[in-house]
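Written out below as structure tokens is the structure these notes cover.
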Amino acid sequence: MRDCNVHGTSIPDGAVYKEVVIIGNGPSGIALSYLLAGNWPYYNGGIHPDEMLTARLSGASPGRSIVKQDLRFLSQGLEGRSNNPVSLLMDTLNHPCADLGLELPSLLEWHRHPECQVDHIVLGKGPPGGSWQAMDGNVLTISLASWMQLPGIEFRAWEAAENAGVVSSRDSRASVAAVARYYYDYVHSQGLARFFHNGCVVMCVHPLDISHSQNTDTIDPETGVQYCQPQALWRVEGFDLSNSVPFCYVCRRVVLATGSTDLPNRLGVPGELANPTWVLHDLRSLEMAFDRLMEEEEGDREGVPTEPRCDPVLIVGAGLSAADAVLAARFRSLPIMHVFRKKAGTLGKQLPENMYPEYHKVHQMMSDGGASYPCYRALAEHRVLEISSDHKVRVIGPDNTVSVHRVSVVAILIGSHPDLNFLPPGLGLGVKSSEPVDCRSNPIDVDPYTHRVVRAPPGMYALGPLAGDNFVRFLQGGAVAIASHINKELQHYTVL
Ligand SMILES: Cc1cc2nc3c(=O)[nH]c(=O)nc-3n(C[C@H](O)[C@H](O)[C@H](O)COP(=O)(O)OP(=O)(O)OC[C@H]3O[C@@H](n4cnc5c(N)ncnc54)[C@H](O)[C@@H]3O)c2cc1C
């Protein structure tokens, strides 16, 4: 917990009440905001290749939104690349049989119900789009462009409008920059901007001492219906990044949608954090460092083309981000030294070569050690031991031989993990409660049909990578599970 009064469980003056506070303004926060604004999914009556699913969908009362239905019943027996049943349900309705390579039309239509809007606010550090606004815009998505879209605006239609009618080919991927722009535009064009408080950071989320808070009943003057103003259960505090002005929301429900990219994994070796200008942990800063290197080279060469003269760029890691770094350096003809712990590994193996030729190229370079590309040298089964401030890096190989290399820039791209330091300590939210939350190996333990956090006080939910859904395709199901649960709860208790 940072800068937060853990004992202050009362409601401070100036706190703003919201029914729902969503922390994180990436695709998860945006998708949930769209639903809470009153946009609901309906089955359009089409035939799904899964006959049992079609039968379950057809059995529901006509005209009843999925939000209002029994999600456990609808999603039973579904299997796929998510462990969350509602994520599988929404994905298979949005993109039927997508993993079989089919591009079938969606079986969903979305209707707007302004009267069902739920008072909410979405908080995020940067502009709407979350991590997509912070990634290197030049990289291509792993997913097909259409899998990046959110309900209501087709990515290709948006792209065509953006690019005067020109769209990329049917099965192509999108650039990260285009996806970031799409999410930003989405929030504005769908009328969601009024629910967004961007450019702010949440520092503290704490359950309120509910023995002091009271329900307040109000009567609607027009209908005479008596409503119950629910008690606030959570206090969410932080400050605006532009002017450091603090804010405080109190709410009945708080949703964790902070994604997985805030804390880059570290090697934990001496010198890693002592040289922040040239030892980097993200692709975006790396691209800028590459550009600086290029400018210096240009200056040295005075317009005469020569072999690269700078020391190699050291790239550490064997995943897709490390591969992106190799490609970015290669694009600029910078010499590369690539350190990774295993043999060439499985990089890109699950990705079809015709769609991901660049990752297959890097895999080939890693496998042959660099024979296919003269400016590249792979140090497989090596580990970095130390980075010293004179740009020298000590590495150790499989036979315990230690070597020292002079490098220009070090890029450590070995994954990232979520930053949940704003939560009270010791909640143990992961599936393995004694271990820290990790989006792949230990996601937050959520109820599969409501996405309520199992080991948290009442009113806390999680979705997206935090709940194990690491792709935009799937996180929309988490948003539906939460919106459905909130809607059912509100119906239950608001009209007395
Ligand atoms: C390099 C890379 C490539 C990817 N490619 C794909 C792909 O091709 N297809 C795909 O489907 N998925 C891809 N993903 C995964 C994708 O990014 C996530 O599925 C998606 O962005 C998750 O959305 P989210 O809204 O849950 O989280 P994010 O997009 O991570 O957004 C959460 C936001 O919350 C902010 N936040 C965190 N803590 C706080 C706080 N205390 N206060 C305020 N704000 C906070 C974060 O800074 C972040 O901006 C990729 C991820 C990476 C890293």
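The values are calculated or read from the model by the stated rules, or taken from the named source; none is laboratory data. Predicted, not measured: the structure shown is a model, and the values here were computed from it. Positions of Cβ are backbone-derived with ideal geometry, glycine not excepted, and every protein chain shown enters the neighbour counts. Accessible surface areas use protein heavy atoms only, side chains included; no ligands, DNA or RNA. Shrake-Rupley method; radii C 1.70, N 1.55, O 1.52, S 1.80 Å.
Observations, loosely collected:
- Restricting segment 254-300 to residues that are in a strand (DSSP E or B) and buried (at least 18 other Cβ atoms within 10 Å of the Cβ), the residue that is nearest to the chain's Cα centre (by Cα): Leu256
- Test: residue in segment 99-119 that is within 12 Å of the ligand (Cβ to nearest atom) and either of a type outside the set (D, E, K, R) or closer than 30 Å to Val236 by Cβ (or both): no
- Residue check for Arg440: open to solvent by 40 Å² or more (accessible area, probe 1.4 Å), within 16 Å of the ligand (Cβ to nearest atom), in the same structural domain as Ala37 (by TED's automatic domain parsing) and assigned to a loop (DSSP other than H, G, I, E, B): yes
- For segment 235-253, filtering for residues that are open to solvent by less than 60 Å² (accessible area, probe 1.4 Å) and not in a strand (DSSP E or B) leaves 0.
- Meeting the requirement of 3 or more residues that are touching a residue at least 40 places away in the same chain (Cβ under 8 Å), the helices (runs of 4 or more DSSP H) wholly within segment 1-102 are 27-36, 85-94.
- Selection status of Asp3, closer than 23 Å to His120 by Cα and at pLDDT below 95: no
- Against the criterion of being under 23 Å from Pro357 (Cα atoms), at pLDDT 95 or above and within 16 Å of the ligand (Cβ to nearest atom), Met148 qualifies.
- Residue tally, condition within 14 Å of the ligand (Cβ to nearest atom) and without any contact (Cβ under 8 Å) to a residue 60 or more places away in the chain, over segment 454-480: 0
- Long-range neighbours under 7 Å by Cβ, at least six apart or interchain, first residue over 20 Å from Gly259 (Cβ atoms) within segment 424-453, second among the charged types (D, E, K, R) and surrounded by fewer than 20 Cβ atoms within 10 Å (Cβ to Cβ): Gly428/Arg455; Ser433/Arg455; Tyr449/Arg72
- Qualifying residue in segment 87-96 (condition: charged (D, E, K, R), open to solvent by less than 60 Å² (accessible area, probe 1.4 Å) and within 12 Å of the ligand (Cβ to nearest atom)): yes
- Test result for Arg194, away from the ligand (no atom under 16 Å from the Cβ), in a helix (DSSP H, G or I) and open to solvent by 30 Å² or more (accessible area, probe 1.4 Å): yes
- Hits in segment 391-423 (condition: small (Gly, Ala, Ser) and free of Cβ contacts under 8 Å to residues at least 40 places away in the same chain): Gly397, Ser403
- The one condition in (1) more than 22 Å from His120 (Cα to Cα); (2) within 12 Å of the ligand (Cβ to nearest atom) that Phe422 fails to fulfil: (1)
- Of the residues Arg309, Arg341, the single one that is at pLDDT 90 or above, open to solvent by 50 Å² or more (accessible area, probe 1.4 Å) and assigned by TED's automatic domain parsing to the domain that holds Ser403 is Arg341.
- Among the criteria (1) near the ligand (Cβ under 8 Å from one of its atoms); (2) buried (at least 19 other Cβ atoms within 10 Å of the Cβ), the one Ser143 does not fulfil is (2).
- Considering (1) away from the ligand (no atom under 15 Å from the Cβ); (2) open to solvent by less than 20 Å² (accessible area, probe 1.4 Å), the lone condition that Ala411 does not fulfil carries the number (1).
- Condition met for Arg181 (away from the ligand (no atom under 15 Å from the Cβ), without any contact (Cβ under 8 Å) to a residue 60 or more places away in the chain, within 28 Å of Leu420 (Cα to Cα) and not hydroxyl-bearing (Ser, Thr, Tyr)): no
- Condition check for Lys392: within 20 Å of Thr258 (Cβ to Cβ) and away from the ligand (no atom under 16 Å from the Cβ): no
Let's see how each residue does on (1) in the same structural domain as Asp136 (by TED's automatic domain parsing); (2) modelled with pLDDT of 95 or more; (3) in contact with a Leu (Cβ under 8 Å, 6 or more places away or on another chain):
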| position | (1), (2), (3) |
| --- | --- |
| Ala174 | yes, no, yes |
| Ala180 | yes, yes, no |
| Asp185 | yes, yes, no |
| Val201 | yes, yes, yes |
| Asp217 | yes, no, yes |
| Asp220 | yes, no, no |
| Cys228 | yes, no, yes |
| Ala232 | yes, no, yes |
| Val236 | yes, yes, yes |
